[in-house]
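The values are calculated or read from the model by the stated rules, or taken from the named source; none is laboratory data. Only a predicted model underlies this, so the values are computations on that prediction, with no experimental measurement involved. Here the Cβ positions follow ideal geometry from the backbone for every residue, glycine too, while neighbour counts run over all protein chains shown.
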Amino acid sequence: MAELRDLYQEVILEHSKAPRNYREPAGTNHKAEGYNPLCGDRFTVYLEMDGDSIRDIGFQGAGCAISKASASMMTQSVKGKTRAEAEKIFEQFHELVTGHSHEHEAELGKLAVFSGVSEFPVRVKCATLAWHTLEAALEGKQEKVSTE
């Protein structure tokens, strides 16, 4: 179990140091800003929607290793998905990081590296900030998303 936890930490650190899709896509037509006042994490999520599908996605901002890695892996997980598919992934991810269910851990693939977050409730907001911001971007909300 310790080996698996070490691997998970390596993946999170890797995505934190070299986040994927850390950019504003040229065709952005939806965006939202998110903020975690507890630790100062702040991200903007950019979407290029094609009808109901996420053609491209990116993010920019700053945050702790968990929030940045989560944002990076989120962009990889939802790119090319429909809005409904992205919302389902977020639902499953939220259940995992809050410790409510590990039922969909296998379906989440690489996102399962965040399963240990449930042991640290204060870090759940770090792991879910980008996801809540994605949700706001999909819904076209203009006000800033806050984890408080």
key: Residue that is farthest from Ala86 (Cα to Cα), among those in segment 96-132 that are of a type in the set (Val, Ile, Thr) and in contact with a Lys or Arg (Cβ under 9 Å, 6 or more places away or on another chain)   = Val117
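Please enumerate the residues belonging to segment 54-87 that are basic (Lys, Arg) and either closer than 18 Å to Val145 by Cα or surrounded by fewer than 16 Cβ atoms within 10 Å (Cβ to Cβ) (or both).
At the first step, the residues of segment 54-87 found to be basic (Lys, Arg) are 55, 68, 79, 81, 83.
Arg55, Lys68, listed by residue number.
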remark   = Cβ pairs under 7 Å, 6+ apart or interchain, first in segment 18-31 and of a type in the set (Val, Ile, Thr), second part of a strand (DSSP E or B), ordered by first then second residue, are Thr28/Tyr46; Thr28/Leu47; Thr28/Glu48
query = Within segment 46-53, is there a residue that is buried (at least 20 other Cβ atoms within 10 Å of the Cβ) and either touching a residue at least 40 places away in the same chain (Cβ under 8 Å) or within 18 Å of Arg83 (Cβ to Cβ) (or both)?
reply = yes
query = Just wondering, is there one or more residues in segment 45-65 that are modelled with pLDDT under 95, of a type in the set (S, T, N, Q) and either within 12 Å of the chain's Cα centre (by Cα) or not in a loop (DSSP other than H, G, I, E, B) (or both)?
reply = no
query = Mind checking which residues of segment 111-139 are closer than 12 Å to Ser70 by Cα, charged (D, E, K, R) and under 12 Å from the mean Cα position of the chain (by Cα)?
reply = Lys125
note = Scanning segment 104-132 residue by residue, those buried (at least 20 other Cβ atoms within 10 Å of the Cβ), touching a residue at least 60 places away in the same chain (Cβ under 8 Å) and either touching a helix residue (DSSP H, G or I) at 6+ places or on another chain (Cβ under 8 Å) or not in a helix (DSSP H, G or I) (or both) turn out to be Val113, Phe114, Cys126, Ala127, Leu129, Ala130, Trp131
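Answer yes if at least one residue in segment 87-94 is touching a Phe, Trp or Tyr at 6+ places or on another chain (Cβ under 8 Å), of a type in the set (A, V, I, L, M) and in a helix (DSSP H, G or I), and no otherwise.
Going through segment 87-94, the residues touching a Phe, Trp or Tyr at 6+ places or on another chain (Cβ under 8 Å) turn out to be 90, 93-94.
Narrowing the set further to residues that are of a type in the set (A, V, I, L, M) leaves none.
Scanning segment 87-94 turns up no residue that is touching a Phe, Trp or Tyr at 6+ places or on another chain (Cβ under 8 Å), of a type in the set (A, V, I, L, M) and in a helix (DSSP H, G or I).
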